[in-house]
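What follows is calculated from the coordinates using simple rules that are stated; it is not laboratory data. All of these numbers come straight from a predicted model, not from anything done at the bench. When we count neighbours, we look across all protein chains shown, and the Cβ atoms used for this are built from the backbone with ideal geometry, even at glycine.
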Amino acid sequence: MSAYGKDRRERILRAAVEQGLLEPETAVLAGFIDLDGVNETVTSLRSAFPDSLRVLHAFAAKANCLVPVLQELRLSGMGCEVASAGELAQALDAGFEPARMVFDSPAKTRAELVQALSLGVAVNADSFQELSRLDEILATRRSDSRIGVRINPQVGAGSITAMSTATATSKFGIPLEDEGNRQRLLQAYRDRPWLTWVHTHVGSQGCSLDLIARGIAKAVAFAEEINDYLGRGQVTGIDIGGGLPVNFGSDETTPGFDTYAAHLRDHAPALFSGEYEIVTEFGRSVLAKNGFTAAYVEYTKTVGGRPIAITHAGAQVATRTVFAPDAWPLRIEAHDPHGRTKHSPPVPQDIAGPCCFAGDLLARNRTLPLLDAGDIVVVPDTGAYYFSTPFHYNSLPEPAVHGARLDADGRVTFQLLRPAQAVHPAPVLAGR
């Protein structure tokens with residue numbers, strides 16, 4: 001959506017209202033994915049890495065695990081990174097070949113590992129104990145899976161601690177700089193010829209490109225150290241994770257994948273030598289700016305002199321923003337009941353959700369055209385993690401999600417990606 005921004009969102013919104021996908025009685029909240037924008041973003045990701053390299057761009061399914069969305073990404077040429085048995089099942093349902101999938105999780109069960117190894121899904125071990133479990137499984141079965149170890153390069157945190165996975169005490173991976181671990185890892189690779197990959201992921205939102213690139217550089221250097229130590233090219237691939245941060249402040253897509261790749265060239269030139277296969281695991285940066293949430297304003301009121309708009313979008317579809325507003329601020333756009341942008345004088349106001357707690361606010365004291373009952377608010381940049389991963393507070397139903405495409409004449413067509421969750425009355429027990 002970044003190529004068109006607000007005008008494109010408004011076209012999609014107005015078409016959704018005209019076609020009844022948004023309706024003030026029965027469809028008061030919905031999510032939208034710009035499928036053309038998704039394909040443009042994937043193209044920009046692929047073009048950031050030279051064709052001469054062997055690269056698998058695996059979409060991080062946690063960012064948006066709707067099976068039709070995963071299918072679209074598969075058709076665009078991406079693989080899939082999964083972090084649970086549920087995501088693995090969704091990726092398989094979407095038609096991904098196991099050889100183009102990666103299984104990462106700090107808590108893989110024995111049954112999950114057996115399934116992944118039986119299918120040929122790549123596995124990144126997160127601990128020495130998991131390596132021992134893999135030893136036991138592989139002693140009795142053969143696998144075509146690419147297997148690696150996730151290392152923690154311990155390069156530090158970004159501005160959002162919860163999104164920083166390469167701190168000194170992160171729960172993820174084997175800490176490379178902890179006493180004795182480097183030698184223990186070298187020995188682990190010597191003892192396991194099937195251990196042929198190194199994996200790292202430094203973090204995502206709030207992490208600078210420099211921080212991410214320094215962490216990846218340590219992983220690349222360690223891969224070369226392993227091969228030098230063993231005297232053979234045992235490590236053939238490096239999984240560099242994802243983590244490109246998203247600009248939530250405007251429609252500009254910055255930083256771009258090309259900028260990210262330039263940082264990698266500066267810090268880890270060996271990654272571009274052609275000696276290693278590469279896997280990336282981008283999620284938020286592929287989908288966030290290609291989606292938006294739209295919700296009706298049900299009521300308005302003034303409290304303590306401040307206007308408040310009560311909408312149908314709150315913590316159930318914007319969980320991170322509601323509970324950590326400083327780390328995850330979102331833009332809000334005001335539209336009339338037909339989906340047209342409002343241009344009345346801006347007024348500071350609160351944009352509240354429907355959940356029954358006082359902190360359920362999308363924005364506090366935000367300056368916007370004054371919202372009225374029946375208006376529509378649009379929340380851009382929510383194509384990843386927001387409406388696709390609902391929080392079932394107050395048993396609020398999951399909203400419908402629609403994929404949108406625009407033809408050359410500007411006509412909008414929609415594809416249902418997830419139906420709205422039906423609300424059924426509880427059955428009456430016999431004898432009551």
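For each of W197, W328, count neighbouring Cβ atoms within 10 Å of the residue's Cβ, then give the residues from fewest to most. Could the numbers behind the result be given before it?
Working: W197 25, W328 19.
Exposure proxy ranking, most exposed first: W328, W197.
What spacing in nm lies between the two simple spin-label points modelled at A262 and A139, each 7 Å away from Cα in the Cβ direction?
5.3
Please report, in debye to the nearest 20, how large the charge dipole of segment 35-285 is about its Cα centre when each Lys and Arg carries +1 at its beta carbon and each Asp and Glu carries -1 there.
620
By count of other Cβ within 10 Å, fewest leading, how are S208, S344 ordered?
S344, S208
Tell me which of F103, A261, V67 sits at the most positive position along the dipole axis of segment 35-285, charges placed on C-beta atoms (Lys, Arg +1; Asp, Glu -1).
It is F103.
Just to check I understand the Karplus step: with θ = phi - 60° and J = 6.51 cos²θ - 1.76 cosθ + 1.60, what whole-Hz values come out for segment 232-237, glycine and proline as x?
7, x, 5, 7, 10, x
Separation between the S132 and S118 pseudo-spin-labels, each 7 Å from Cα along Cα→Cβ, expressed in nm?
Going by the 7 Å Cα→Cβ label model, 2.5 nm.
Can you list residues from other chains, or at least 5 along the same chain, whose modelled amide H is less than 5 Å from the amide H of R54?
I278
Can you compute the charge dipole magnitude of segment 258-413 about its Cα centre, using +1 on each Lys and Arg Cβ and -1 on each Asp and Glu Cβ, nothing else charged? Give it in debye, rounded to the nearest 20.
460
When the chain is treated as a GNM, springs tying every alpha-carbon pair under 10 Å, which of E179, E298, E130 comes out with the largest mean-square fluctuation?
So, out of E179, E298, E130, the one fluctuating most is E179.
Given springs between every Cα pair under 10 Å in a Gaussian network model of the chain, which of R232, R46, R14 has the largest fluctuation?
For the chain, modelled as a Gaussian network with Cα springs under 10 Å, the answer is R232.
Rounded to the nearest 20 Debye, what is the dipole magnitude of the chain about its Cα centre when Lys and Arg each give +1 and Asp and Glu each give -1 at the C-beta? Walk me through the intermediate numbers first.
Details: 40 positive and 49 negative charges, 101 e Å.
In total the dipole reaches around 480 debye.
In sequence order, what are the phi-derived ³J(HN,Hα) couplings for segment 121-127 according to the Karplus relation 6.51 cos²θ - 1.76 cosθ + 1.60 with θ = phi - 60°, rounded to whole Hz, with x for glycine and proline?
Once θ is set to phi - 60°, the couplings for segment 121-127 become 6, 5, 10, 10, 5, 9, 7 Hz.
Would you check the chain for Lys pairs whose C-alpha atoms are within less than 26 Å, ignoring same-chain pairs closer than 8 in sequence, and give me the count?
Total qualifying Lys-Lys pairs in the chain comes to 11.
Compute the FRET efficiency between R364 and A111 as 1/(1 + (r/R0)^6), taking r as their Cβ-Cβ distance and R0 = 41 Å, and round to the nearest 0.05.
Rounded to the nearest 0.05, the efficiency is 0.35.
Distance in nm between label sites at R190 and E252, each 7 Å beyond Cα in the beta-carbon direction?
5.2
Among DSSP bridges having both ends in the chain, what percentage is antiparallel? Round to the nearest 5.
The antiparallel proportion sits near 50 percent.
Name the most mobile residue of T293, T302, T254, meaning the one with the largest mean-square fluctuation, in a Gaussian network model of the chain with Cα contacts below 10 Å.
Evaluated over the chain, the most mobile residue of the options is T302.
Rank these for me by crowding, K301, K6, going from fewest to most other beta carbons within 10 Å.
The order, fewest Cβ neighbours first, is K301, K6.
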